[in-house]
Structure formats: C-alpha cells, structure tokens
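Okay, so here's the structure we're looking at.
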Amino acid sequence: MAQSTAKEVIMHSYVTIGDREKLRLLREQTLDGYWPDLAYKNWCLRCNREFDGYSVRVRRNRWAELTVECGTPGCHGTPAEWAPYPWWDEQHPLTRQRQAGCRAPTAPRPKGVSLTASSSGRGAEGADRNRQA
Ligand SMILES: [Zn+2]
C-alpha cells in the first residue's frame, strides 16, 4: 500500500521575469531602494544569510502582484527583513566595521587641578625687653 505524503502545496506561484524587471522590483520593495545590480547582496534577518539579487525569488500573490522573496531556499524573508549588513549580529565583522565607522570621537577629559595645602608657619617671638637704665 503506497501512502502518498501529504505535501503542502503552498499557493505561492513563482514566476520568472527578466533581470531588469527583477531589479526594478527589488528597488521598489526594499526599504532603502538601493540595489545597483542583481549581483548586489543583502542580508536576511529571518535566515541570517547573505543572498544576491539573482537568487531572489519572484512570486505572484493572489492579487496578481509581484513580490520578491529571500534567495535562501526555504526562507520566505520579505524585503522588510533585509539589510545591507547583519546589524542584528553584533559579533559579525561587517557589523563591527559599520559600527566602528560611525563611532563618535571621544573628547579628552581635562585633568583635575590638585590643590596643595598651604603650610602654616609659626613664628616664635621672644617677649623679652631690654631695659636700659
Ligand atoms: Zn532569508
């Protein structure tokens, strides 16, 4: 008895579009709109991986609108979850590099002036008078 695996067929229908059209979609749907070419890479917050414009999947939703999806297989990351560097990973070299670039300069702190206590002088004074007779 052959049991067919119940494979969930998601209603996402992926489409193949031209590079220029894809690039236009990427620029249109990413937050900063910066995507110079399809070789440009972004990081996905959902899968924590880097992907380029070529690997980005394009699908048509139920309203016949084209949307872009993270290039990592199996990840459904949306443009709202993409960034040019993984800012969520503080230990990542790219993140450190970015944060080091915009580090505020530290002003030198003025040295405290130390006050020396004045010495108290005591003058002994003889109160003897010479009486001249
Ligand atoms: Zn992803």
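Values in this text are rule-based calculations from the coordinates and carry no lab data. What you see is a predicted model; the values in this text were computed from it and never measured. With ideal geometry, Cβ positions are generated from the backbone for all residues, glycine too; neighbour counts draw on all protein chains shown.
Phi angles across the stretch 63-78 convert, under the Karplus curve 6.51 cos²θ - 1.76 cosθ + 1.60 with θ = phi - 60°, into 3J(HN,Hα) values of 9, 6, 9, 8, 10, 9, 9, 3, x, 6, x, x, 9, 10, x, 9 Hz, Gly and Pro given as x. The overall shape of the stretch 13-97, judged from the alpha-carbon gyration tensor, is prolate: a/c is not under 1.5, and a/b is greater than b/c. Between Gln97 and Arg60, the C-beta separation translates, for a Förster distance of 30 Å, into a calculated FRET efficiency of about 0.20.
How much FRET efficiency would the formula 1/(1 + (r/R0)^6) give for Asp52 and Glu90, where r is the Cβ-Cβ distance and R0 is 35 Å, rounded to 0.05?
Values: r = 24 Å, r/R0 = 0.69.
Once the sixth-power term is evaluated, E becomes 0.90.
Residues within the reach of a label modelled at Asp19 (point 7 angstrom out along Cα to beta-carbon, backbone nitrogen below 17 Å), restricted to the stretch 42-71, are 52-58.
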